[in-house]
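The numbers here are math on the coordinates, done by the rules we state, and not lab data. Quantities reported herein were computed from a predicted structural model and do not represent experimental measurements. Heads up, the Cβs are rebuilt from the backbone with ideal geometry, glycines too, and the neighbour counts pull from every protein chain shown.
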Amino acid sequence: MGDVTLHIALIGPRRAGKSTVGPRLANRMGLPSRDVDDAIVSRCGGPLGPWIAKNGWAAFRDMERDVLAAMIAGPRSVISTGGGVVLHRGLHAAMRAACRIIYLRAHPDVLAVRAKCDPAPGDRPALVDASPSVDAHIVFADRDAAYRELCHEIVDADDELDRVVERAFAVSMQRR
C-alpha cells in the first residue's frame, strides 16, 4: 500500500487530464481533491485569459507557485497542478518530499485534439503564439523531459478516462 502521508500530485501539460482525473482519483482514494488552476481562477475572480493579458505571465506563474506551495503545505489530498509546475524549480524538492508525483503523459496530437474541443479556449491563452496543434507540440518538446525528471511515475493519459484513473490509482498505492 502507498505512503498514507503523501499527497498525490498530478503533473503534465495543459489538457493532459489533471483536472479531470484528479477528482475521480481523489474520490477513489477517499481524499479531498485540490486544483491549482481552480484556486487561481478564484483568486483572479474570473477567466485567466483576460487576467493574464492584464497582469502578464510572470504574475500568473508567481501566483501558480504560491498556490501550489500552500497546497503542498496543507492536509493530504490529490493535487491537480498547473501545467507550469515544472517551471517552479524551487518547489521541486518540497514536492518530491511531500507528494507521490504522477506525470499524466499525453501525446501532443492528443493534446491538440483536446484543445480544439475546449468549450472555453479563451480562458487559457496559448503558451506560444501558434495554433493549438503547434502550441501542444512546442510545449511538449520543451517540457516532457522536465516532467519525467520531476515525477515518480508516468501514466499514459492518451487512453480513455476510466483507464487513466485506474492506472493513476494503481501507481498511487505503490510504495515509493
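Here are a few things to note about the model shown:
- Per-selection Rg to Rh, the chain - Cα, Kirkwood hydrodynamic radius: 0.94
- Amide H contacts under 5 Å for ASP158, placed H, 5+ residues apart: HIS107
- 0 to 90° range, to nearest 10: angle between helix 89-98 axis and the chain longest Cα axis: 30
- Helix-only mean residue ellipticity at 222 nm for the chain, each DSSP H run of n ≥ 4 adding -39500 (n - 2.57), per residue, nearest 500: -17000 deg cm²/dmol
- Extreme residue, positive dipole direction of segment 7-170, given options ALA112, ASN27, PRO50 (C-beta unit charges): ASN27
- For the chain, a simple Cβ point-charge model (Lys and Arg +1, Asp and Glu -1, everything else neutral) yields a dipole of about 480 debye relative to the Cα centre.
- One chain, two ends: THR5 and ASP62. Fully extended at 0.36 nm per residue, the span grows by 17.8 nm beyond their Cα-Cα distance.
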